[in-house]
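Input: a single structure, listed below in structure tokens.
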Ligand code: FES
């Protein structure tokens, strides 16, 4: 068979197979030679766009937290020391009105404050007068009121501490500090 006749034969076979296109072939009409290039190009474009979007989102979040340091650090009067006897507790919101927090007047006279959000799954923590500990009712998590450290239950991390400052009898929250 000559080269010319072989080419003719190949052309006829190609025409015949093109006529027998299945539905998926009709909907993806790329020649198999171009198929790889198209998918690589699409994949590369998608990867670049996804990386760009992630980078932009990360930069946006970093910028927002840089521009809004008040989120975790600002001075806020929370109580009069004379209103809370030793062993007493005062619930307040800090650093935003959405964030529950707890101020404790410990029996040794010190004031300490913690985020009122459990470090397990964010349930509200309360002060248990009987045990003197901070307790999360959701899964029976227990925190030490002296340090905020987890004592029992599923929580593994300490409650974030809220730094305090006292001027006269006024107690101020000044910053939430992760422990
Ligand atoms: S949410 Fe507090 S122990 Fe689970």
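Bear in mind that the values in this text are calculations on the coordinates, not laboratory data. In this text, all values refer to a predicted model and were calculated from it rather than measured experimentally. Note that each Cβ is placed from the backbone with ideal geometry, even for glycine, and that neighbours are counted across all protein chains shown.
Structure data summary
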{"quantity": "Per-region count, the range 109-135, residues near the ligand (Cβ under 10 Å from one of its atoms), assigned to a strand (DSSP E or B), within 21 Å of the chain's Cα centre (by Cα) and surrounded by 15 or more Cβ atoms within 10 Å (Cβ to Cβ)", "calculated": "1"}
{"quantity": "Members of the range 138-152 that are part of a strand (DSSP E or B) and in contact (Cβ under 8 Å) with a residue 24 or more places away in the chain", "calculated": "143, 150"}
